[in-house]
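Here is the structure we will look at, set down as structure tokens.
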Amino acid sequence: MQQLATARIFWHTPCLCALTAILTAHPLWLVPAIVLAGFGRGANGAAGPFSPAEQAWLAEAVDYAHRGVVYSLNTCFGFVGMALGALAAALPALWRQDLGVAAYRPLFALVLLGNVVNLVLIARTPERRSPSPEGRAAPRSSSGGVLGRAAENRFLRRLVALNALNGLAVGLVGPLIAYWFALRFHVGPGSIGPFLALTFVVTAVAALYMGLISRRVGLVKVVQWGRGLGLAFLVLMPLMPLYALAAGLYILRSVTNRGTVGARQALVVSVVRDERRGLAVSLNLISMMLPMAIGPTLAGAMIGAGWFITPFYIAAVLQALYVIYYGRLFGPFERQLNGQAEAA
């Protein structure tokens, strides 16, 4: 698979979308630009539609023992970029008096510049292939052989089902969190924007730290403990009477929940063979994004009806199931990977 060739193709799309937002405000052009630019992106600095290619490429360059750290570092930089973006979103308020409704257009020039820089970096990055895929840290069956296609297919089916639970839970809370804060506590962008920027900065530090401790305790335990703590904060957050308290719990939930993104990615690319990493990461992304798209519709209807707590508790039940079954799904594979790494 030519992962970087795929990335180079896809990085042209956000450049064109940003240019469209600069040149026109007509819905006929803006709607498809927004859809294409946002496809595959989440609140974790994800690279968008070529994220599977990026993750598969990283797996080729990094061995299993170091993937937890490297993938967490990659996620860390994504969160730092999102923090800068959240702060930049306050700039149109400075230009509004001179530019009026066009005050938002210069902001997309920054988006275009960032995408062009990314395109140049991707174009100049060489793609390295492992001369011996069998020599990579791949999972082994009880007989000592590399897992076959049927075993991988079973793993991928379970991964899709597990991610569907997580995606729906994230969709119920994540996309509408700013809207929920605005209605619940009557605060505006001036209060929500800086708080989100702080959330991304703290989460970036947490992602790096979780990648480091995964070397000692294992990737599965990092994910289970992190997501478990995040579940507790999710339950408490809608009960808070003050915005500051709810915002503080949201930051803690982001730290413990999204800080595990790198560890989760590292596990997915390590379980399957080299030639199926692109497929595994693609399924990992799609099985999250499709259920996530349903969540805002359900949560929006609940919030509109005055049910401010219900979406959080439905999401909590789904994420509790995710935490329970995550260890059952990935634990055996991680033990096999660790055993092979020690024997190498």
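The values are calculated or read from the model by the stated rules, or taken from the named source; none is laboratory data. Note that the coordinates shown come from a computational prediction; the quantities given were computed from them, not determined experimentally. So basically every Cβ, Gly included, is an ideal-geometry build from the backbone, and we count neighbours across all protein chains shown. Only protein heavy atoms, including side chains, enter the accessible area calculation; ligands, DNA and RNA are left aside. Shrake-Rupley method; radii C 1.70, N 1.55, O 1.52, S 1.80 Å.
Here are some notes:
- Residues being over 16 Å from Val70 (Cβ atoms) and not β-branched (Val, Ile, Thr) - total across the range 194-212: 7
- The set of residues from the range 83-96 being under 20 Å from the mean Cα position of the chain (by Cα) and open to solvent by less than 50 Å² (accessible area, probe 1.4 Å) comprises Ala83, Gly85, Ala86.
- Pairs, first farther than 27 Å from Val269 by Cα in the range 70-94, second at pLDDT below 80 and part of a helix (DSSP H, G or I), C-beta under 6 Å, six or more apart: Ala86/Gly193; Ala89/Gly193; Ala90/Gly193; Pro92/Ala103; Pro92/Tyr104
- Flag if Glu134 is in a helix (DSSP H, G or I), closer than 29 Å to Arg276 by Cβ, modelled with pLDDT under 70 and not hydrophobic (A, V, I, L, M, F, W, C): yes
- Arg264 vs. criteria open to solvent by less than 10 Å² (accessible area, probe 1.4 Å), part of a helix (DSSP H, G or I) and charged (D, E, K, R): no
- Answer residue from the range 152-166, given it is over 13 Å from Phe333 (Cα atoms) and of a type in the set (A, V, I, L, M, F, W, C) and is least open to solvent (accessible area, probe 1.4 Å) among those: Leu162
- Residue in the range 80-94 that is modelled with pLDDT of 75 or more, within 28 Å of Val173 (Cβ to Cβ) and touching a Ser or Thr at 6+ places or on another chain (Cβ under 6 Å) present: no
- When Leu168, Leu107, Leu112 are checked against the criterion of being over 23 Å from the mean Cα position of the chain (by Cα) and modelled with pLDDT of 80 or more, a single residue qualifies: Leu107.
Residue-by-condition table, conditions (1) without any contact (Cβ under 8 Å) to a residue 60 or more places away in the chain; (2) part of a helix (DSSP H, G or I); (3) open to solvent by 30 Å² or more (accessible area, probe 1.4 Å):
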site: Glu275; (1), (2), (3): no, yes, yes
site: Leu285; (1), (2), (3): no, yes, yes
site: Met289; (1), (2), (3): no, yes, yes
site: Gly295; (1), (2), (3): no, yes, no
site: Phe308; (1), (2), (3): no, no, yes
site: Ala315; (1), (2), (3): no, yes, no
site: Leu321; (1), (2), (3): no, yes, yes
site: Ile324; (1), (2), (3): yes, yes, yes
